[in-house]
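Novice: Structure below; questions to follow.
Please treat every number below as a calculation from the coordinates, not as lab data. As the structure is a prediction and not an experimental result, all values here were calculated from the model. No Cβ is skipped: glycine too gets one built from the backbone with ideal geometry, and neighbour counts run over all protein chains shown.
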Amino acid sequence: MYILTKRKIMENACNNKKYCFDIVFDWEDILAEGLNIDIVARTDAEFRFDERCRKIYQKVHIPFYRVFNLFDNKKKGTAIMFDVSTKRQDGIYNSKKYIPCLIDYFLDEREYYLFLKAYSHNKVILVSSKEVYNYLLTKNCPLNIYHFPLSLPDDFKIPDRVEKKYDLVMFARQNPLLTEYIDQYEKEHPDFILVRRKYENGHYVYYMSSTGEIISIGDTREEYFKLVMSSKIAVYTTPGMDGTRTDANGWNQVTPHFLEEIAGRCHIIARYPKNADTDWYEMNKICKCVESYDEFKYLMDKYRKEEVDYKKYTEFLEKHYTSHRVELLKKILTENNIL
């Protein structure tokens, strides 16, 4: 058994994509150590061949990729691999030797049958979202699916002490309604220390809202987490809430940003629905979903003055570190006679 990674491929990608994959590589490192298995890099040629074959198959329905499987299946061992985006087309990794872990399932209801075809030969499919997992169960999904939730790498422990330089840093994905609230709050509070973000020339640029002064180019997870730790407050949203991501098709999975904000000792003001995933992560124990600007303003005023409950945050995160997911994965693999 081994973990199949895209880290070699991502070395040639833009900075934005490198940054997005860093947490995946952290998960791979921890799972590999916990399972005592190797990490094997996908080749660029293999990756491009798969992409090209799936595009061709969409047009002519000729499964050229099966030629690859004839040779690939002769290799020994099962491979675990993270799928950042759930596939809509069959391809070279739709094979009993691969165990995909689906991170983002943003498929439309009409694409469900495409999902079934894309993963029809995988012996086990790991689904990170409890919302999606429950949905698939209600569809009587014939695939062998397991809930395998996202986590926080163990290195991101909550610091004992941290210097909070800013009232709010607008890192990660922004909810349009919360952004309106932030804009209004800034107008009403001249002393509000706000850091905004823009995407410019392949980089995330963080700058002081009041002066335009650039304070960081957040291309790495280390730089990003420094910003998280420097902010008293964080805003958080699930992808499908208020049209935050139009491609999310209404799915509202809890993302690792939520756990990172807790690890950074941030008060969290959030927008999220009540669903199987937000319930599983017990989000209501950390933050409530704000329903109005008055509620947002009240919390912002309150959190600018208060420290977070360090004990509560620490106890909460102990359940969500990646090392704990190792034991869950061992159980799943054992049940399927893979480990």
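Novice: Take the alpha-carbon positions of the range 118-197, form their convex hull, and give its projected area averaged over all directions (one quarter of the hull surface) in nm².
Specialist: With every direction weighted equally, the projected area is 9.4 nm².
Novice: Angle between the Cα long axis of helix 176-188 and the longest principal axis of the chain, 0 to 90 degrees, nearest 10?
Specialist: Rounded to the nearest ten degrees, it is 20.
Novice: For the chain, find the longest principal axis of its Cα atoms and tell me its angle to the long axis of helix 322-335, 0 to 90°, nearest 10.
Specialist: Helix 322-335 sits at roughly 30 degrees to that axis.
Novice: Oh, and also: Which residues among the range 81-109 fall inside the zone where the amide N is under 15 Å from a point 7 Å beyond the Cα of S120, along Cα→Cβ?
Specialist: Answer for this model: 88-96.
Novice: Okay, next question. Quick check of the Kirkwood formula: for the range 190-318, what is the inverse mean of 1/r over all pairs of different Cα atoms, in Å?
Specialist: 15.9 Å
Novice: Give the value in nm², to one decimal: projected area of the alpha carbon convex hull of the range 93-150, averaged over all directions.
Specialist: Averaged projected area of the range 93-150's Cα convex hull equals 3.6 nm².
Novice: What fraction of the DSSP beta bridges in the chain is antiparallel, stated in percent and rounded to the nearest 5?
Specialist: Taking every DSSP beta bridge with both residues in the chain, the antiparallel ones total about 25 percent.
Novice: In what sequence, highest mean first, do 306-318, 92-104 appear when ranked by Cβ atoms within 10 angstrom?
Specialist: Going by the mean number of other Cβ atoms within 10 Å, highest first, we get 92-104, 306-318.
Novice: Where the Cα atoms of the chain are projected onto their three principal axes, how long is each span, largest first, in whole Å?
Specialist: So the three principal-axis extents are 66, 39, 36 Å.
Novice: Rounded to the nearest 5, what is the percent of antiparallel bridges among the DSSP beta bridges in the range 166-317?
Specialist: 45 percent
Novice: Next question. Highest first, please rank the peptides 240-253, 285-298 by the mean number of other Cβ atoms sitting within 10 Å of their residues.
Specialist: Per-residue mean Cβ counts within 10 Å order the peptides as 240-253, 285-298.
Novice: Tell me, S231, S210 in order of fewest to most beta-carbon neighbours within 10 Å?
Specialist: Ranked by crowding around the Cβ, least crowded first: S210, S231.
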